[in-house]
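A quick write-up on the structure given underneath.
Read-outs: derived from the displayed coordinates by stated rules, not from any lab. Remember, it's a predicted structure, so these values are computed and weren't measured experimentally. Virtual Cβ from ideal backbone geometry, glycine too; neighbours counted across all protein chains shown.
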Amino acid sequence: MFKCLGLCTALITFGMVLALHAQPQPPPIKRTILQRADVPGTNLEIIYATVEIAAGFKAGRHNHPEVAMGQVVEGTSGCTWMASQNKSCTPGSL
């Protein structure tokens with residue numbers, strides 16, 4: 001009887017631990033589009049958005065085939081522009 005009770009308790013505990021680890025993690029990047037507008041006379045679009053990036057997230061090498069602009073509000077961000085040296089951006093830096 002006690003063996004069965006102990007085994008059931010162990011299985012329930014194990015199941016609860018697995019359920020805790022199975023919780024979905026929030027995505028490392030959160031994008032919120034604030035405004036969109038077409039650029040007159042072109043097939044281009046302007047998107048004004050906020051992007052929140054989780055601490056320690058590394059996006060890997062990628063590109064943006066458009067004109068991009070950004071501002072660091074909090075923390076530090078590192079990036080490489082056009083294969084130049086890495087640049088560390090902090091709030092208020094250019």
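What to note about this one:
- Filter result (out of contact with any Ser or Thr (no Cβ under 6 Å at 6 or more places or on another chain) and exposed (fewer than 10 other Cβ atoms within 10 Å of the Cβ)) within segment 74-89: Glu74, Trp81, Met82, Ala83, Ser84, Gln85
- Matching residues in segment 47-77 - criterion: being part of a loop (DSSP other than H, G, I, E, B), among the polar types (S, T, N, Q) and farther than 24 Å from Arg36 by Cα: Thr76
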